[in-house]
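What follows is one structure encoded as structure tokens, with my remarks underneath.
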Amino acid sequence: MKASVYTEYGPPDVLQLKDVGKPVPKDNEILVRIHATPVSFGDKLVRNLNEITPGKFHMPFLFWIFAKLYFGIRKPRITILGSEFAGEIESIGKDVKKFREGDQVFGYLGSRMGAYAEYLCMPENGVLALKPANMTFEQAAAVPYGAIMALSLLRKQNIGPGQRVLVNGASGGIGPAVVQLAKYYGAEVTGVCGTPRLEYVRSLGADAVIDYTQEDFSARDEAYDVIIDILGKSSFSKVKRSLKPNGRWLLVSFKTKKLLQMLWTSIIGGKKVICALSTEKAEDLVFIKELIEAGKIKMVVDKCYPLTQAAEAHRYVEQGHKKGSVIITMEE
Ligand SMILES: NC(=O)c1ccc[n+]([C@@H]2O[C@H](COP(=O)([O-])OP(=O)(O)OC[C@H]3O[C@@H](n4cnc5c(N)ncnc54)[C@H](OP(=O)(O)O)[C@@H]3O)[C@@H](O)[C@H]2O)c1
């Protein structure tokens, strides 16, 4: 089969189209013919891991060490990127009960990766579900990562009607799903993003948008119940004044200092810092599929590139102009 393979870390050009062995499903696995996979934050990060110093890494130092050991210190150990996908089941192992040949599915591979290829195998109990009937493969491929993370993070926050939520980083992989889920739960939502993506975030249902290149949201005279910070770009000393008395600053990316702030604010009460880690469950993906089919969540695709142009797709994302998801498709 064809795959976009990289054998050294570096710029987009390290991605090369190669012939590799087609995987064979084990008894409990399905073989998926992949139609589409997006370019995600993780793909860009891992492709360029040798450039990512602990300072550039958005998580604690220990996580950086684990990432280096897992993905390879000098050279990539996992040579095919792509953590989410949409496609069609070509064959199944003899013990598979939940899926059948011909089912259209979408799924999340996480750090295992491997979706920049024509085929992949995964266990039937992995994070996998039938594709939403009202989405194309290109749209569905970009759903799992952001939606599963957003659902897992928001569920614990009891967000509901009457609450005000601000999403700092509303236009990337996770933010759009946070905006749409917070709206689904009934909150009033403000999305913060860069200038080119203001209209995109508004189109996702945000009640208000703020351009972080023009304005610091924490300088506004506004108060929120929850501020969700995707990249952990702000500081508690600033964010505090934008939180209601029992407000929460929910950090999706955080350093050790913020973990200590979480500990401290959990003791003293009042405004809280919460450093959250998501969990990935197949039943969450099934719930997301149902929300999509009910018209509660949508996915905006900006551009599609064939697998032969995976490097070009990465270059486009790195230029910072994208307004929605950038998708790699297996068909020319
Ligand atoms: N806690 C967990 O369990 C967990 C799980 C998965 C991932 N993560 C973390 O989540 C992060 C990736 O999230 P993602 O996939 O959504 O990333 P992404 O696709 O790169 O999106 C980043 C978002 O942040 C915005 N942004 C960039 N600079 C900003 C600034 N100075 N101020 C405010 N917003 C800014 C971007 O806006 P524009 O593009 O419009 O400029 C965009 O909306 C990583 O740090 C990863 O480690 C955490």
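Remarks
- Options GLU118, GLU138: the member that is within 20 Å of GLY295 (Cβ to Cβ) and of a type in the set (Asp, Glu): GLU138
- Among the residues making up the stretch 255-273, those that are touching a residue at least 40 places away in the same chain (Cβ under 8 Å) and within 13 Å of the ligand (Cβ to nearest atom) are LYS255, LEU259.
- The C-beta contact set for the stretch 226-254 (first residue charged (D, E, K, R), second residue assigned to a helix (DSSP H, G or I) and surrounded by 14 or more Cβ atoms within 10 Å (Cβ to Cβ), distance under 8 angstrom, 6+ apart or interchain) comprises ASP229/VAL239; LYS238/SER218; ARG241/SER218.
- Listed conditions (1) surrounded by fewer than 17 Cβ atoms within 10 Å (Cβ to Cβ); (2) in contact with a helix residue (DSSP H, G or I) (Cβ under 6 Å, 6 or more places away or on another chain); (3) within 25 Å of ALA177 (Cβ to Cβ) are all met by LYS56, apart from (2).
- In the set VAL105, VAL96, VAL32, VAL46, only one residue is surrounded by 15 or more Cβ atoms within 10 Å (Cβ to Cβ), over 24 Å from ASN125 (Cα atoms), of a type outside the set (D, E, K, R) and touching a residue at least 40 places away in the same chain (Cβ under 8 Å); that residue is VAL46.
- Given (1) within 16 Å of the ligand (Cβ to nearest atom); (2) over 19 Å from ILE327 (Cα atoms), number of the condition MET113 does not satisfy: (2)
- Members of the stretch 206-215 that are within 9 Å of the ligand (Cβ to nearest atom), surrounded by fewer than 16 Cβ atoms within 10 Å (Cβ to Cβ) and not in a strand (DSSP E or B): THR213
- The residue that is most open to solvent (accessible area, probe 1.4 Å), among those in the stretch 160-205 that are in contact with a helix residue (DSSP H, G or I) (Cβ under 7 Å, 6 or more places away or on another chain), under 22 Å from SER325 (Cβ atoms) and away from the ligand (no atom under 12 Å from the Cβ), is TYR184.
- So GLY10, is it open to solvent by less than 10 Å² (accessible area, probe 1.4 Å) and touching a strand residue (DSSP E or B) at 6+ places or on another chain (Cβ under 6 Å): no
- Within the stretch 83-120, the set of residues being farther than 20 Å from VAL46 by Cβ and in a strand (DSSP E or B) comprises ALA86, GLY87, GLU88, ILE89, GLU90, SER91, ILE92, GLN104, VAL105, PHE106, TYR119.
Each row is one residue, and each column tells you yes or no for (1) part of a helix (DSSP H, G or I); (2) touching a Gly at 6+ places or on another chain (Cβ under 9 Å).
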{"residue": "GLU222", "(1), (2)": "no, no"}
{"residue": "LEU231", "(1), (2)": "no, yes"}
{"residue": "LEU260", "(1), (2)": "yes, no"}
{"residue": "GLU283", "(1), (2)": "yes, no"}
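- Filter result for GLU331 (among the acidic types (Asp, Glu) and part of a loop (DSSP other than H, G, I, E, B)): yes
- If you go through the stretch 164-192 and keep only what is under 13 Å from the mean Cα position of the chain (by Cα) and part of a loop (DSSP other than H, G, I, E, B), you end up with GLY169, ALA170, SER171, GLY172, GLY173, ILE174.
Quick grid of which residues meet (1) aliphatic (A, V, I, L, M); (2) modelled with pLDDT of 95 or more; (3) more than 13 Å from the ligand (Cβ to nearest atom):
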{"site": "LEU45", "(1), (2), (3)": "yes, yes, no"}
{"site": "HIS58", "(1), (2), (3)": "no, no, no"}
{"site": "TRP64", "(1), (2), (3)": "no, yes, no"}
{"site": "GLU84", "(1), (2), (3)": "no, yes, no"}
{"site": "GLU88", "(1), (2), (3)": "no, yes, yes"}
{"site": "ILE92", "(1), (2), (3)": "yes, yes, yes"}
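- Any hit, the stretch 137-152, residues being over 24 Å from SER253 (Cα atoms) and open to solvent by less than 20 Å² (accessible area, probe 1.4 Å): yes
- Residue within the stretch 65-82 that is part of a strand (DSSP E or B) and crowded, with 18+ Cβ neighbours inside 10 Å present: yes
- Inclusion of ASN125 among residues that are under 22 Å from SER83 (Cα atoms), part of a loop (DSSP other than H, G, I, E, B), more than 11 Å from the ligand (Cβ to nearest atom) and of a type outside the set (Val, Ile, Thr) is warranted.
The values are calculated or read from the model by the stated rules, or taken from the named source; none is laboratory data. The shown structure was predicted, so the numbers you read here are calculated from the model rather than taken from an experiment. Methodologically, a virtual Cβ is constructed for each residue, glycine included, from the backbone with ideal geometry; neighbour enumeration extends over all protein chains shown. Heavy atoms of the whole protein, side chains included, go into the accessibility calculation; ligands, DNA and RNA do not. Shrake-Rupley method; radii C 1.70, N 1.55, O 1.52, S 1.80 Å.
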